[in-house]
Each structure stands twice: as structure tokens, then as C-alpha cells.
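Beneath this line is the structure, given in C-alpha cells, with notes to follow.
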Amino acid sequence: QPRVLREPAPAVTLSAFGADGLEFNVGFWIEDPENGQGNLRSDINLAILAALRQNQIDIPYPQRVVHQR
């Protein structure tokens with residue numbers, strides 16, 4: 001993503017062991033926050049998802065069983 005600065009370098013940290021998976025924080029700096037941050041966060045999240053899929057890493061979504069009486 002060209003809007004993300006190389007310095008300071010982006011960082012990914014493992015923040016928690018969740019009930020349904022690992023939780024990570026992704027941090028990065030941009031030089032033009034006035035152009036919007038939400039759209040950039042979405043682009044980066046989609047790129048992460050594409051990289052996971054390309055490397056055949058599945059995201060296990062929680063499953064619930066509903067019993068009806």
C-alpha cells in the first residue's frame with residue numbers, strides 16, 4: 001500500500017488468545033491522514049485476507065448449534 005510509510009516500520013503484534021482464535025494488532029503510519037483512514041484500513045485488511053488465502057490459511061469462524069424445542 002503506497003500510503004503506508006516505511007519508517008517507522010509497520011508492526012504486527014499478537015494481542016490475545018481469543019475464544020475462537022488469535023487476535024493481532026496491525027499498526028502503521030501514513031503521511032496523509034486527511035485523505036481518510038477507514039478506507040486504507042479496509043484495503044490493508046483485504047490484502048491480509050488475500051495473503052492468508054494465497055497461503056491456504058483458513059480463518060475458523062465460530063460455529064453454534066441451536067436446538068429448538
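Please treat every number below as a calculation from the coordinates, not as lab data. In this text the structure is predicted, and so the values were computed from the model without any measurement. As a convention, Cβ positions derive from the backbone with ideal geometry for all residues, glycine included, and neighbour counts pool all protein chains shown.
The figures follow:
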item: PRO62 more than 23 Å from ARG3 (Cα to Cα) and not polar (S, T, N, Q); result: yes
item: Output for the stretch 19-59, where each listed residue is over 17 Å from the mean Cα position of the chain (by Cα), closer than 14 Å to VAL4 by Cβ and of a type in the set (D, E, K, R); result: GLU31, ASP32
item: Close pairs from the stretch 40-69: first part of a loop (DSSP other than H, G, I, E, B), partner surrounded by 10 or more Cβ atoms within 10 Å (Cβ to Cβ), Cβ under 6 Å, at least 6 apart; result: PRO62/ASP20
item: Evaluation of GLY36 against (1) of a type outside the set (Phe, Trp, Tyr); (2) at positive phi; (3) loosely packed, with under 11 Cβ neighbours inside 10 Å (one fails), failing number; result: (3)
